[in-house]
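Presented below is the structure to which this report refers.
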Amino acid sequence: MRYRAGLSEHRHINSEIILYKTKREGVKKMSSVTKNEKSSSNSSNGKVVLAYSGGLDTSVILKWLVNKGYSVIAYIADVGQADDYDDVKSKALAIGAEKVIIDDLKKEFVTDYIFRAIRANAVYEGRYMLGTALARPVIAKGQIMAAESEGAEFVSHGATGKGNDQVRFELAYYALNPSIKILAPWKESEFLSRFRGRPDLLQYAEEHNIPVKASGSKPYSEDDNLMHISHEAGVLEDPAYAAGREILAKIVSPLDAPDKPVHITIEFIDGDPVRVINRDTGHTVTDPLQLFLYLNELGAANGIGLLDMVENRFVGIKSRGIYETPGATVLMAAHQDIEGVAMDREVLKLRNMLAPLFSELVYNGFWFSPEMEFLQAAIDKSQEMIDGRVNLALYKGNIMVEGRESPSSLYDMELSSMDIEGGFDQTDSKGFIRINSIRLMAHRAIVAKRTRNGRSL
């Protein structure tokens, strides 16, 4: 499915609206569909909020929990994935969920997670833009809020015991509600002995009339949200396997992108994007969610944001992933460029030292941690007066900067000019170089002395 600016318009769910308050978040909207409002009293084991996707794993887990005597609320987080929510809702109720909650988290995901990662220039292991890792804390937070609102003592998820997501979900659960109880079937002996692989899951689904979509055309798994889509496992576990154009779900191949560049301008205030202007058409977007979706649309159409890499999971296993991250890739390039003209050199140096730490915390699941609060406070300070606009050309997978301007620019054309004299006394450079060469000359003297004495370094 291709990105488009109006991605959220077709996802409105006509259902009952629940309003509730939390200490930090105030009033939040959630859509809810109830099968049996009085069902919780019929369950002997308690009430559980399951992070439900509608896929094979979470559908089997839903039925498993129901058969174990739990009252299950299926929690569906809308973070921009290309799902038919009416279909997923109906499926959950048919399997046995007592209630389905559909939570629209798209705007929060953009403003409170994606934009914060862009401000930090967060890229894991120098390449991965953390599309899945950033979605997990916003989903976990919504799930915990739902559990508190529904009076559920348990939360559950479908992540396996080999991957990163189990860690991300569960660390977030405990950080937000230390008293919460977690049901993680893929780490329970009884569940593991019953389900040793996909064939067992399919057999169980057939026995319990759980509808399963055929997946033979995609021999790998995917995780989709409005920031990216990832492809991994299956045939992709062979790191030498060359995935062709057919794997692409959101972007066009750079080879198939238009032969004409698209020219845009991105404006920033305090490090956050506030406006995107298509200079070819005059189209302007300012709403944060629609701005990001529009960048997704433009980036995807021009083949931007494709990555194939092998990364290191937190649990100690290497994994291969192919990622499509169009809008965030464009936004990151523009943000880094405006920082070049508006951020102090030493502040930039320190912030760049923090960026890998920030990225690792996100990847490993420590979004809700004291060290992350510290890093975010420092990064927020670094973004003060990172204002201005960057002009870009998008062309066949490339992002080309075509100029920038900033009201808080630290760039002085006269000081930097090779043609204009004044402002900077060039004779001062002689002493500057002499002082900075002292330690280099001292080091060379020591090396020469050791060499004369027949000793090597």
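What follows is calculated from the coordinates using simple rules that are stated; it is not laboratory data. Since the structure is predicted, the reported quantities are computational estimates derived from the model, not experimental observations. As a convention, Cβ positions derive from the backbone with ideal geometry for all residues, glycine included, and neighbour counts pool all protein chains shown.
For V274, V167, V330, what ranking results if the residue with the fewest other Cβ atoms within 10 Å of its Cβ goes first? If you can, show how the numbers build up before the last one.
On the way: V274 15, V167 19, V330 26.
Exposure proxy ranking, most exposed first: V274, V167, V330.
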Counting as exposed only GluC sites (Glu not before Pro) in DSSP loop states with no more than 10 other Cβ atoms inside 10 Å, the longest exposed-site-free span of the chain is 38-420
hull vol. (C-alpha, convex hull) per residue for the range 270-380, Å³ -> 133 Å³
The distance between the Cα centres of the range 236-303 and the range 173-219, in whole Å, is 35 Å
Counting only DSSP beta bridges fully inside the chain, the antiparallel percentage to nearest 5 is 75 percent
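Residue separation times 0.36 nm, minus the C-alpha to C-alpha distance between E246 and I182: what's the value?
19.2 nm
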Footprinting proxy, I182, I438: sorted fewest to most Cβ within 10 Å, the residues are I438, I182
Once phi for every residue in the range 50-57 is put through the Karplus expression 6.51 cos²θ - 1.76 cosθ + 1.60 (θ = phi - 60°), the whole-Hz ³J(HN,Hα) values, with Gly and Pro written as x, are 9, 5, 10, 10, x, x, 4, 4
Against the 2.2 N^0.38 Å rule of thumb, the C-alpha Rg of the range 144-224 sits at a ratio of 1.30
If each part is reduced to its alpha-carbon centroid, the range 67-86 and the range 100-121 end up apart, in Å, by 19 Å
So for R0 = 25 Å, FRET eff. of D84-V310 from the Cβ-Cβ r, to 0.05, ends up at 0.15
Cβ density ranking, 10 Å radius, fewest first, applied to L201, L192, L394, L65 yields L192, L201, L65, L394
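Can you tell me the convex hull volume per residue for the chain, based on C-alpha atoms, in Å³ to the nearest whole number?
On the way: hull volume 96.5 nm³, N = 457.
So the per-residue hull volume is 211 Å³.
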Expressed as a whole-number percentage, the relative contact order of the range 147-253 with C-alpha contacts under 8 angstrom and at least six residues apart is 15 percent
